[in-house]
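Engineer: The structure is given below, and queries will be raised subsequently.
The values are calculated or read from the model by the stated rules, or taken from the named source; none is laboratory data. Since the model is a prediction, treat every value here as computed from it, not as a measurement. Here the Cβ is made from the backbone with ideal geometry for all residues, glycine too, and neighbour counts use every protein chain on show. Side chains are part of the model used for accessible areas, which takes the heavy atoms of the whole protein and leaves out ligands, DNA and RNA. Shrake-Rupley method; radii C 1.70, N 1.55, O 1.52, S 1.80 Å.
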Amino acid sequence: MVKIGYSGPKGSFSEEAIHLFLATHSEFNEAAPELIPFPTIPRLLHACDDCEVDWAFVPLENSTEGQVGVTMDTLGQTVHLFITHEFIHPIDQCLLTHEPMQLEQIERVYSHEQAIGQCRDFLEKNLPHAQQLSCLSTAEAAHRISSIRENWAAIGPRRAAQLYNLHLLQERIQDITLNATRFVLVGHSLAEMSDGEDKTSLLLIAENTPGSLYRILGEFAKRHINLSRIESRPSKRKLGEYVFFVDVDGYVFAPPIQDVLWAFKEENIYVKLLGSYPKALPAERIF
């Protein structure tokens, strides 16, 4: 049986998204995959790298809060993994409590740091008195408040309210209405070129010298290759050294991208291929 790991536990946005992803990708449903929750993203990705699971489904970036740093860092550390699919999932954050109560009664708010960040304006306006506490996932936050009869709240998906028998105190509390998260499915082999539009993700490390980033961007620009994303992360090797995560339009074996990769090799720029895969369809809001 095919095993797909996701960032759990049950009731997380990752679980909600993986079910919707599978519903639109019939090639996985034919194998009736087993879905396995993991407590942390690094543990999940390393388990996939070690072939404990066949696939890993992880969040990569959010339209409000930006990159999911732990996913990007861990992908950079793995050896045998490639992004094979991306999936854009609309995110509606909800305020959950164990019973109906007034907002001013809430003493603590638990959630994942990304969810708290997506609701920053709501929390400042409506719950300035409440202590904000981070959890490994929105589902863990829901589970925590479900077992303690205190004036505590959690921020998470509607599904978490159903699973943990919580009261849905307020819906869609995120600051930006069109809030969406980009998830990626990671496997052990490079995806084939699709019939439509493809995207390639790269990790780049250049020398810490004047103009190094300019030279990287210039190689793409002079070949008219569109960059849809570029973000930096600390290399974690020494202060002031950064790695760059880049998404470009096109499949990795297309001649223009191959020309860029050859130019990087000649300029001693380290390149790691993170994946080449079909572009995702726009998110569709689920009511």
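Engineer: Kindly identify region 194-287 as rounded, prolate or oblate by the Cα gyration tensor criterion: order the square roots of the eigenvalues as a ≥ b ≥ c, call it rounded if a/c is under 1.5, otherwise compare a/b with b/c, prolate if a/b is larger, else oblate.
Structural biologist: Cα axes put region 194-287 in the oblate bin.
Engineer: In Å², and per residue, what accessible area does region 175-287 have when probed at 1.4 Å with the other protein chains present?
Structural biologist: Ligands and nucleic acids excluded, the result is 58 Å² per residue.
Engineer: Can you tell which of GLN258, GLN118, GLN132 shows the greatest fluctuation in a Gaussian network model of the chain with Cα springs below 10 Å?
Structural biologist: GLN258
Engineer: Name the shape class, rounded, prolate or oblate, that the alpha-carbon gyration tensor gives for region 1-66, where a ≥ b ≥ c are the square roots of its eigenvalues, rounded holds for a/c under 1.5, and otherwise prolate holds if a/b is larger than b/c and oblate otherwise. Display every interim value, and only then the final one.
Structural biologist: On the way: a/c = 1.83, a/b = 1.17, b/c = 1.57.
Cα axes put region 1-66 in the oblate bin.
Engineer: Karplus couplings for region 225-241 from phi (6.51 cos²θ - 1.76 cosθ + 1.60, θ = phi - 60°), rounded to Hz, Gly and Pro as x?
Structural biologist: The phi angles translate into 9, 7, 9, 8, 7, 9, 9, 10, 9, x, 6, 6, 9, 7, 4, x, 9 Hz.
Engineer: Quick one: compute the contact order of region 73-179, relative version, from alpha carbon pairs under 8 angstrom and 6+ residues apart, as a percent.
Structural biologist: 41
Engineer: Could you give the dipole magnitude of the chain about its Cα centre, charging the beta-carbon of Lys and Arg +1 and that of Asp and Glu -1, in debye to the nearest 20? Mind showing how you got there, number by number?
Structural biologist: Values: 25 positive and 38 negative charges, 102 e Å.
Dipole size: approximately 500 debye.
Engineer: Which of THR138, THR74, THR181 ends up with the largest GNM mean-square fluctuation for the chain, with Cα atoms connected below 10 Å?
Structural biologist: Taking springs between Cα atoms under 10 Å, the residue moving most is THR74.
Engineer: In addition: Starting from the amide H of GLU241, placed 1.01 Å from N in the peptide plane, find each other amide H under 5 Å away whose residue is 5 or more places distant or on another chain.
Structural biologist: Correct list: SER235.
Engineer: What residue among THR64, GLN105, PHE122 has its Cα farthest toward the positive end of the dipole of region 1-131, where the charges are +1 on Lys, Arg and -1 on Asp, Glu, each on the Cβ?
Structural biologist: Farthest along the dipole direction, towards plus: GLN105.
Engineer: If one computes the Cα centroid of region 174-230 and of region 1-65, what distance in Å separates the two points?
Structural biologist: 22
Engineer: Any chance you could give the angle, 0 to 90 degrees and rounded to 10, that helix 212-221 forms with the longest Cα principal axis of the chain?
Structural biologist: It is inclined by approximately 80 degrees.
Engineer: Angle between the Cα long axis of helix 255-266 and the longest principal axis of the chain, 0 to 90 degrees, nearest 10?
Structural biologist: The answer is roughly 80 degrees.
Engineer: Once every DSSP H run of n ≥ 4 in the chain is given -39500 (n - 2.57) and the sum is divided by its residues, what mean residue ellipticity at 222 nm do you get, rounded to the nearest 500 deg cm²/dmol?
Structural biologist: Counting only the DSSP helices, I get -8000 deg cm²/dmol.
Engineer: Of all the accessible heavy-atom surface of the chain, with the other protein chains kept in place and a 1.4 Å probe, what percent is carbon and sulfur?
Structural biologist: On the chain, the fraction of accessible area on carbon and sulfur atoms equals 52 percent.
Engineer: log₁₀ I(q)/I(0) of the chain at q = 0.07, 0.14, 0.15 Å⁻¹, via Debye over equal Cα point scatterers, no solvent, to two decimals?
Structural biologist: Debye output, listed in q order: -0.29, -1.03, -1.14.
Engineer: Here's something else I'd like to know. Find the relative contact order for region 198-278 and round it to a whole percent, using C-alpha pairs within less than 8 Å whose residues are 6+ positions apart.
Structural biologist: With pairs under 8 Å counted, the relative contact order is 48 percent.
Engineer: Still on this structure, I have one more. Please find, in a Gaussian network model of the chain (springs between Cα atoms separated by less than 10 Å), the residue of ASP198, ASP259, ASP73 whose mean-square fluctuation is greatest.
Structural biologist: Answer for the Gaussian network model of the chain: ASP259.
Engineer: Karplus couplings for region 91-106 from phi (6.51 cos²θ - 1.76 cosθ + 1.60, θ = phi - 60°), rounded to Hz, Gly and Pro as x?
Structural biologist: 10, 10, 8, 10, 9, 10, 9, 6, 7, x, 7, 7, 4, 5, 7, 6
Engineer: A follow-up question, please. Please report the antiparallel percentage of DSSP beta bridges with both residues in the chain, rounded to the nearest 5.
Structural biologist: 70
Engineer: Let me ask another. Can you work out ³J(HN,Hα) from phi for every residue in region 21-29, in order, using Karplus 6.51 cos²θ - 1.76 cosθ + 1.60 and θ = phi - 60°, giving whole Hz and x for Gly and Pro?
Structural biologist: The phi angles translate into 4, 5, 5, 9, 10, 5, 4, 8, 5 Hz.
Engineer: Also: What number, in percent, do you get for the relative contact order of the chain if the mean sequence gap of Cα pairs under 8 Å and at least 6 apart is divided by its residue count?
Structural biologist: 23
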